[in-house]
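Quick notes on the structure that follows.
Values quoted throughout were computed directly from the atomic coordinates according to the rules given, and no laboratory measurement underlies them. In this text the structure is predicted, and so the values were computed from the model without any measurement. Cβ placement follows ideal geometry from the backbone for every residue including glycine, while neighbour counts extend to all protein chains displayed.
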Amino acid sequence: MTTVTTRQVASDNIVVVENLSTTFATPRGSLTAVNNVSLTIQRGMSLGIVGESGSGKTVLSRSIIGLLPPSNMTQTGSATINGNQIIGVAHKELLKLWGSEVAMIFQDPMTALTPTRRVGDQIAESLRINLKMSKKDAKAKAIDLLRQVGIPSPERRSRAYPNQLSGGMRQRVMIAIAIACGPEFLVADEPTTGLDVTVQAQVLDLISELRREANLTMILVTHDLGVVATRTDNVAVMYAGRIVEQAPTKELFARVAMPYTKGLLDSTPRIDAPSHTRLSSIEGRPPDLVNPPAGCPFAPRCTLAQDLCHKEAPALVASTLDPDHLFACHYPLNGHAAQPQGA
Amino acid sequence: MARYLFRRVIAFCLILLTISLLSFWLMRLLPGDPIVKHLGTSYTTENAQAFAHQVGLDKGFFAQYFTWLGHTLTGNLGYSWNVSPNTSISEILSKTLPPTIEIAFFSQVIALGISIPASVAVVRRPNGKLDRATNVLMLSAYSIPTLIAVPVLTLFLCVRYNVLPGPSSWVSFAEDPILNLRVCVLPALAISVASLAGHFRFLRNDMIINLQEDFVVMARSKGLTNRRILWRHVLRPSSVTLLTSVGLTIGGLIVGLFVAEVYLSIPGFSTQVIASVDTSDYGLLQACIMTIAFIVISIQLIVNFLLPIIDPRIARD
């Protein structure tokens, strides 16, 4: 009986990442952009990955779906999507997943859509290649998809080039391309960063709605904690290529364990604060990933750092307050404490 | 759109007018007296005066220029002084232009036919073995002057392996289309090597830059093969410099064309240009210069018109 339950739980995890590291060879030396990351995502859930620029969130999300160009890069560990191994397999194997099972939405829809092809063709192309649709069917389905993502007069818009559409519409086109072939897993890399605030909400609502309809699993990469708070089930906070804190979204915002996460939260503007309140910021810069510091990577910027922090890097451990709340800190906040190993 | 075209056409006319005035003046600085060159051994003072009066050389510079301009604008290009027996210039142009345009056109077809697939092949691994080898090959080809390329190609293709007709076998397309095309291959090939390296270099570099763009990652995430991404997504946005380069190259082909035409005895336009310089055949030379100017500026106009079609991000000013 127990075995069956375990198996069901295991098969419920659509994404399983184990000890994944991604290292780039640069002229200055090797740069570990993703450092020994493990995580799982249950089917239908959404995981927010937050962190500063250069924290490795984009590299991690692209590593998980195998989308990094292979030149100058080495990967160790494992990542599976629906049981399909991603790390170290041939390009041919990945082609079967991309577009059909896995899709991606990019930050800047202006540069992520091919400027010289009509948007309708860019949607239809995916349908023709992955679903082997006929030219005519693909064209009709592309117009349907444009309608589904809320683009007015889709027939006319399908013949437009990306530069003839507004930013919000381009992002909708990109979402239409992503969902065209009915993927199960979606990686959205800063999908709203380049958009007006009002359009941001519309695009996020659209993604939420489409996810609900198709029970779509999602990774949402962002640096906007406001977006994370409302749109994700779980959050992973990245710093210097590692996950430094991970928890269900509500739990994280209620009881932050990591001083870095607290710093991120404190540097977010709050609507209930009096106007002209100065935003606090985290002093210093993220560490150089070619020569990472010994000990905790955040220690040089941490106001609470003690000797131990500079000597020994903390492991990612479960909290005694909530076993789903993981953190990597020697001196956690809010009464968190590491569960004893093996408990 | 109408305004854009209108402005272009006005600029076009102004450039042609300026070129006509400049060339009219410059050709009168050519060494040697055109009357002496024309009359040769039958030169006498009376003959010279009679000829000068007949063709209007006894009038002032601007009188000559405006007479010429008036005639040209009404479609009368006049007669050559030296191409016997007093052939009309329009007739000369209509006979000599087709072979030259044909060869120039095919040279670009060959240059693009090689440089496009070569670029697509090498950009998969920039600075890889294939890329380096192709670069060296293209630069070597670029360094071969037409003066060498034509005889060497003749030696191999016409003499040693006898796959192409040799020199002096020119026939017009109307007479024998197949033979005409076969004769075109050799000069077109010899001239194309000069354009090849430039076209290749421009396209390769632009493709490498565009391969860094997000839309390539997006295309990958759609499950497209690398081959499809290169041909369908990267090639077209990378063709802007290439197209501009083709436009600029065509004007510069005339020297190579001259060598090829002389060597292969092709009765073409560039041979005629050089001959008219040699003999100071003012009327013919002026018509030739205007023809070249017209072709070069027209190609620029066409290129400017095509660029926004190739890449919709480019606006028509």
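A Gaussian network model of chain A, with springs between Cα atoms under 10 Å, assigns the largest mean-square fluctuation among A:Val17, A:Val89, A:Val187 to A:Val89.
About its Cα centre, chain A has a charge dipole of approximately 1180 debye under the convention of +1 per Lys or Arg Cβ and -1 per Asp or Glu Cβ, with nothing else charged.
Spherically averaged projected area of the convex hull of Cα atoms, the protein assembly as shown: 42.5 nm². Basic side chains Lys and Arg get +1 at the Cβ, acidic Asp and Glu get -1 at the Cβ, and with that the dipole of chain B about its Cα centre reaches some 1740 debye.
Computing FRET efficiency as 1/(1 + (r/R0)^6) for B:Leu30 and B:Tyr161, where r is the C-beta to C-beta distance and R0 is 45 Å, gives about 0.55. Angle of helix B:45-55 to the longest C-alpha principal axis of chain B, folded into 0 to 90 degrees and rounded to 10: 50°. Using 18 Å as the Cα-Cα cut-off, could you pick out the over-long pairs in B:Lys37/B:Lys95; A:Lys141/B:Lys222; A:Lys96/B:Lys222? In this structure, B:Lys37/B:Lys95 lie more than 18 Å apart at Cα.
In region B:89-310, a dipole from Cβ-located charges (positive for Lys and Arg, negative for Asp and Glu) runs towards its positive end, and of B:Thr96, B:Val240, B:Phe305 it is B:Val240 whose Cα lies farthest in that direction. The trypsin sites (Lys or Arg not before Pro) of region A:17-126 that DSSP puts in a loop, and whose beta carbon has at most 12 other beta carbons within 10 Å, are A:Arg28.
Placing pseudo-labels 7 Å out from each Cα toward the beta carbon at B:Thr41 and B:Leu301 gives an inter-label distance of 4.8 nm. The slack between B:Leu248 and B:Ala121, meaning 0.36 nm per residue of separation minus the straight C-alpha distance, is 43.2 nm. Enter the Cα centre distance for the pair region A:208-265 and region A:50-126, rounded to the nearest angstrom. Centre-to-centre distance over Cα atoms comes out at 20 Å. Oblate is the label for region A:76-208, because a/c, from the alpha-carbon gyration tensor with a ≥ b ≥ c as root eigenvalues, is 1.5 or above and a/b does not exceed b/c. Within the listed set B:Arg232, B:Arg124, B:Arg182, the residue fluctuating most in the Gaussian network model of chain B (springs between alpha-carbon atoms under 10 angstrom) is B:Arg232. When A:His310, A:His336 are sorted by how many other C-beta atoms sit within 10 angstrom of their C-beta, beginning with the fewest, the order is A:His310, A:His336. The modelled label-to-label distance between B:Ser143 and A:Leu304, using points 7 Å beyond Cα along the C-beta direction, is 6.8 nm.
Computed over the Cα atoms of region B:2-73, the ratio of the radius of gyration to the Kirkwood radius (Rg/Rh) comes to 1.17. Each residue in A:Ser208, B:Ser280, B:Ser20 was given a count of other beta-carbon atoms within 10 angstrom of its own, and listing them fewest first yields A:Ser208, B:Ser20, B:Ser280. If each DSSP helix of 4+ residues adds -39,500 (n - 2.57) and the sum is divided by the residues in the protein assembly as shown, what number results at 222 nm, nearest 500 deg cm²/dmol? Mean residue ellipticity, 222 nm, calculated: -16000 deg cm²/dmol. Note on region B:89-310: along the principal axes its Cα atoms extend 64, 42, 31 Å, ordered by decreasing extent.
Note on the protein assembly as shown: dipole from Cβ charges, positive end direction compared against A:Gln107, B:Gly78, A:Ser78; the farthest Cα belongs to A:Ser78.
Near A:Val237, once Lys and Arg are set to +1 and Asp and Glu to -1 for all other residues with Cβ below 12 Å from its Cβ, the sum equals +1. Across q = 0.10, 0.18 Å⁻¹, region B:189-317 modelled as identical point scatterers on its alpha-carbon atoms has Debye log10 I(q)/I(0) values of -0.48, -1.01, in the order of the q list.
I'd like the orientation of helix B:269-278 relative to chain B: the angle between its Cα long axis and the longest Cα principal axis, in ° from 0 to 90, rounded to 10. The angle comes out at about 40 degrees.
With contacts taken as Cα pairs under 8 Å at a separation of at least 6 residues, chain B carries a relative contact order of 26 percent. Rounded to the nearest 20 debye, the dipole size of the protein assembly as shown about its Cα centre is 820 debye, using +1 on the Cβ of Lys and Arg and -1 on the Cβ of Asp and Glu. What's the whole-number percent of alpha carbon pairs in region B:113-166 lying beyond 17 angstrom? The share of Cα pairs beyond 17 Å in region B:113-166 comes to 54 percent. Between B:Leu26, B:Ser42, B:Leu5, the Cα set farthest toward the positive side of the dipole of region B:2-73 (charges on each charged residue's Cβ, about the Cα centre) is that of B:Leu5.
For region A:1-146, the relative contact order is 20 percent, taking Cα pairs closer than 8 Å that sit 6 or more residues apart in sequence and dividing their mean separation by the residue count.
Relative to the longest principal axis of the Cα atoms of chain B, the long axis of helix B:129-142 makes an angle of roughly 0 degrees.
Modelled label positions at A:Asp266 and B:Ile178, each set 7 Å beyond Cα in the direction of Cβ, lie 8.7 nm from each other.
Taking a sphere under 12 Å around the Cβ of A:Leu220 and counting the other residues whose Cβ falls inside, with K and R at +1 and D and E at -1, yields a net charge of -1. Counting only aspartates and glutamates at least 8 places from A:Lys311 when in the same chain, there are none with an alpha carbon closer than 15 Å to its own.
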